[in-house]
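Asker: One structure, as structure tokens, below. Some questions next.
The values are calculated or read from the model by the stated rules, or taken from the named source; none is laboratory data. Note that this is a predicted model, so its numbers are computed, not measured. When we count neighbours, we look across all protein chains shown, and the Cβ atoms used for this are built from the backbone with ideal geometry, even at glycine. Protein only, heavy atoms only, side chains kept; ligands, DNA and RNA dropped before computing areas. Shrake-Rupley method; radii C 1.70, N 1.55, O 1.52, S 1.80 Å.
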Amino acid sequence: MEEFELERIQSLYENTVDLNLSDSGVHPFNLNTLLTPDEIAGLLQVELGYGWTSGAVELRQRIAALYKDRTPNEVLVTNGSAEANFLMVMTLLDPGDEIVLITPNYLQIRGWAKAIGITVREVPLRQDLGWLPDLAEVEAAVSPATKLITVCHPNNPTGAVLPLDAQQALVRIAQRHGLWLHADEVYKGAELAGEEPASFVDLYERAIVTNGLSKAMALPGLRIGWLTGPAAEITEAWARKDYTSITTSALSEHVATLVLETGRRARILQRSRTILSENLSVLNAWAGERNQFSLVPPRAGGMAFVHYDLPIGSTRFAHALREEKSVLVAPGDVYGLDGYLRIGIGAKPEHLQAGLDRISDYVAAQLS
């Protein structure tokens, strides 16, 4: 490739990353702001061995303490919540099974389940219900072959949070049919009002949840996730982990153990909520001044699902913003909902505002 072409691509990439509004997490920490000088010095003493393939004992103790009456044997540490989702599917499901997937959702589970011969029945969240599911539709989707219901809670991409009575109703559906209930809870802790919902694993004996440090905790570079549930299934998932990554980074586990100390976790989540609340105010003001955009404000998470009224498909719209304005957003049609853009609200405020201004410029040019 010609040198000038490489320079052009590098310039485009750098400009685009500066205005990346597709990310659904909170702007990450660096070690200097996260750890004390003594803790940073302590990193030099960490032995770079394999460690526990299920996760360091102290780390699993810290994770178990996030739930009610859980032990370290009911926790498996993974390389991000993506590996936890993968291991959950491989442990609980077999070809020929069916699952009920509440959508929109992080679609990794849907893709992997279909790839190994599992039937996926999708039940949509309803915007007219505040992006909550119609629970009668959930139950109607259950068949004799159904083995699991899976939900992303708080939801990606809408930021919706189920009220406790809706969580309990979902549990009752799973109980009536003897189903597993899986929840991806990676945004738990990023509730803008500050009150975390109950974890599904604390509400139901056949619940299994995935979580991690990437989203609400603003630490995606550590690549630390986990799977929490009944000890027997966690042990089975642990055996399968030997066929994926074997173990996680010793350095990452050391830092994760530090940040999951109760007081520090609370401070990290307060920072996340502050950033998200301030940026949501910016986004609400921007959308309120433009007839083409509207949204149900998210109650949690690092993104908003913004509806637009323009004669352009969302993938085409997202590509146009990337190519012409160097702004990254996620198109709604990848979630099966055209006419929406997922806009991250966890970025630096100046980046969010600059990105929104460029979107406005693009729309104004199309309407002129």
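Asker: If the requirement is being closer than 30 Å to LEU276 by Cβ, touching a Lys or Arg at 6+ places or on another chain (Cβ under 7 Å) and not acidic (Asp, Glu), which of these qualifies: PRO154, PRO163, PRO124?
Answerer: Numbers: PRO163 fails: touching a Lys or Arg at 6+ places or on another chain (Cβ under 7 Å); PRO124 fails: touching a Lys or Arg at 6+ places or on another chain (Cβ under 7 Å).
Unique residue meeting the criteria: PRO154.
Asker: Give me the residue from the stretch 1-53 that is of a type in the set (Val, Ile, Thr) and either under 25 Å from the mean Cα position of the chain (by Cα) or part of a helix (DSSP H, G or I) (or both) and, out of that set, modelled with the lowest pLDDT.
Answerer: First, the residues of the stretch 1-53 that are of a type in the set (Val, Ile, Thr): 9, 16-17, 26, 33, 36, 40, 46, 53.
If we keep only those that are either under 25 Å from the mean Cα position of the chain (by Cα) or part of a helix (DSSP H, G or I) (or both) as well, we get 9, 16-17, 26, 33, 40, 53.
Values: ILE9: 41, THR16: 47, VAL17: 47, VAL26: 94, THR33: 94, ILE40: 97, THR53: 97.
Result: ILE9.
Asker: Any chance you could count how many residues in the stretch 123-164 are outside any loop (DSSP other than H, G, I, E, B), within 16 Å of the chain's Cα centre (by Cα) and hydrophobic (A, V, I, L, M, F, W, C)? Don't jump to the end; show me each part of the working.
Answerer: Step one: filter the stretch 123-164 for residues outside any loop (DSSP other than H, G, I, E, B), giving 123-129, 132-133, 135-140, 146-152, 164.
Next cut, within 16 Å of the chain's Cα centre (by Cα) only: 150-152.
From what is left, the residues that are hydrophobic (A, V, I, L, M, F, W, C) are 151-152.
So the count comes out to 2.
Asker: Here is a follow-up. Can you tell me how many residues within the stretch 198-208 are open to solvent by less than 10 Å² (accessible area, probe 1.4 Å) and in a helix (DSSP H, G or I)?
Answerer: 2
Asker: Further question: Could you please give the count of residues in the stretch 179-197 that are loosely packed, with under 15 Cβ neighbours inside 10 Å and touching a residue at least 12 places away in the same chain (Cβ under 8 Å)?
Answerer: Going residue by residue through the stretch 179-197, those that are loosely packed, with under 15 Cβ neighbours inside 10 Å are 193-195.
After this cut, where a residue has to be touching a residue at least 12 places away in the same chain (Cβ under 8 Å) as well, the list is 193-194.
Residues in the stretch 179-197 being loosely packed, with under 15 Cβ neighbours inside 10 Å and touching a residue at least 12 places away in the same chain (Cβ under 8 Å): 2 in total.
Asker: Output the residues belonging to the stretch 80-106 that are open to solvent by 40 Å² or more (accessible area, probe 1.4 Å) and within 28 Å of GLY55 (Cβ to Cβ).
Answerer: Step one: filter the stretch 80-106 for residues open to solvent by 40 Å² or more (accessible area, probe 1.4 Å), giving 86, 90, 94-96, 106.
Scanning the stretch 80-106 gives PHE86, MET90, ASP94, TYR106.
Asker: Say we look at the stretch 334-356 and pick out the residues that are at pLDDT 95 or above and charged (D, E, K, R); which of these is most open to solvent (accessible area, probe 1.4 Å)?
Answerer: Looking at residues that are at pLDDT 95 or above and charged (D, E, K, R), I get ASP338.
Asker: Next up: Within the stretch 209-266, which residues are β-branched (Val, Ile, Thr) and open to solvent by less than 50 Å² (accessible area, probe 1.4 Å)? Before you say what the answer is, go through the steps one by one.
Answerer: In the first step, residues of the stretch 209-266 are kept if they are β-branched (Val, Ile, Thr); the result is 209-210, 224, 228, 234-235, 244, 246-248, 255, 257, 259, 262.
Answer for the stretch 209-266, where residues must be β-branched (Val, Ile, Thr) and open to solvent by less than 50 Å² (accessible area, probe 1.4 Å): VAL209, THR210, ILE224, THR228, ILE234, THR247, THR248, VAL255, THR257, VAL259.
Asker: Show me the helices (runs of 4 or more DSSP H) entirely contained within the stretch 223-296 in which 1 or more residues are more than 18 Å from THR53 (Cβ to Cβ). Give the derivation first.
Answerer: Details: elements: 231-241, 250-259, 262-288.
Once the helices (runs of 4 or more DSSP H) in the stretch 223-296 are filtered for at least 1 residues that are more than 18 Å from THR53 (Cβ to Cβ), what remains is 250-259, 262-288.
Asker: Here is a follow-up. Of the residues VAL77, VAL120, only one is in contact (Cβ under 8 Å) with a residue 12 or more places away in the chain and either buried (at least 22 other Cβ atoms within 10 Å of the Cβ) or not in a strand (DSSP E or B) (or both); which? Steps first, please.
Answerer: Working: VAL120 fails: either buried (at least 22 other Cβ atoms within 10 Å of the Cβ) or not in a strand (DSSP E or B) (or both).
After applying the criteria, what remains is VAL77.
Asker: Return the residues of the stretch 261-299 that are over 14 Å from GLU195 (Cα atoms) and of a type in the set (A, V, I, L, M, F, W, C); say none if nothing qualifies.
Answerer: ILE268, ILE275, LEU276, LEU280, VAL282, LEU283, ALA285, TRP286, ALA287, PHE293, LEU295, VAL296, listed by residue number.
Asker: With the requirement that a residue be under 18 Å from the mean Cα position of the chain (by Cα) and of a type in the set (S, T, N, Q), what does the stretch 320-348 give you?
Answerer: Matches in the stretch 320-348: none.
Asker: Considering only residues of the stretch 277-297 that are in contact (Cβ under 8 Å) with a residue 40 or more places away in the chain and in contact with a Pro (Cβ under 8 Å, 6 or more places away or on another chain), which is nearest to ASN156 (Cα to Cα)?
Answerer: Residues of the stretch 277-297 that are in contact (Cβ under 8 Å) with a residue 40 or more places away in the chain, as a first pass: 277-280, 282-283, 286, 290, 292, 296-297.
Restricting the remaining residues to those that are in contact with a Pro (Cβ under 8 Å, 6 or more places away or on another chain) gives 278-280, 282.
On the way: GLU278: 19, ASN279: 17, LEU280: 16, VAL282: 20 Å.
The selected residue is LEU280.
Asker: Those residues that are open to solvent by 30 Å² or more (accessible area, probe 1.4 Å) and within 22 Å of the chain's Cα centre (by Cα), I need them from the stretch 54-67; list them, please.
Answerer: ARG62, ALA65, LEU66
Asker: Looking at the stretch 285-306, is at least one residue touching a Lys or Arg at 6+ places or on another chain (Cβ under 8 Å) and aromatic (Phe, Trp, Tyr)?
Answerer: yes
Asker: If you check ALA145, ALA136, ALA115, which single one turns out to be surrounded by fewer than 18 Cβ atoms within 10 Å (Cβ to Cβ), within 20 Å of LEU162 (Cβ to Cβ) and of a type outside the set (S, T, N, Q)? Steps first, answer last, please.
Answerer: Numbers: ALA145 fails: within 20 Å of LEU162 (Cβ to Cβ); ALA115 fails: within 20 Å of LEU162 (Cβ to Cβ).
From the options ALA145, ALA136, ALA115, the qualifying one is ALA136.
Asker: Hey, another quick one. Anything in the stretch 19-53 that is of a type in the set (Gly, Ala, Ser) and within 18 Å of LEU258 (Cα to Cα)? List them, or say none.
Answerer: Applying the first criterion (of a type in the set (Gly, Ala, Ser)) to the stretch 19-53 yields 22, 24-25, 41-42, 49, 51.
If the condition is that a residue be of a type in the set (Gly, Ala, Ser) and within 18 Å of LEU258 (Cα to Cα), then ALA41, GLY42, GLY51 are the ones that fit.
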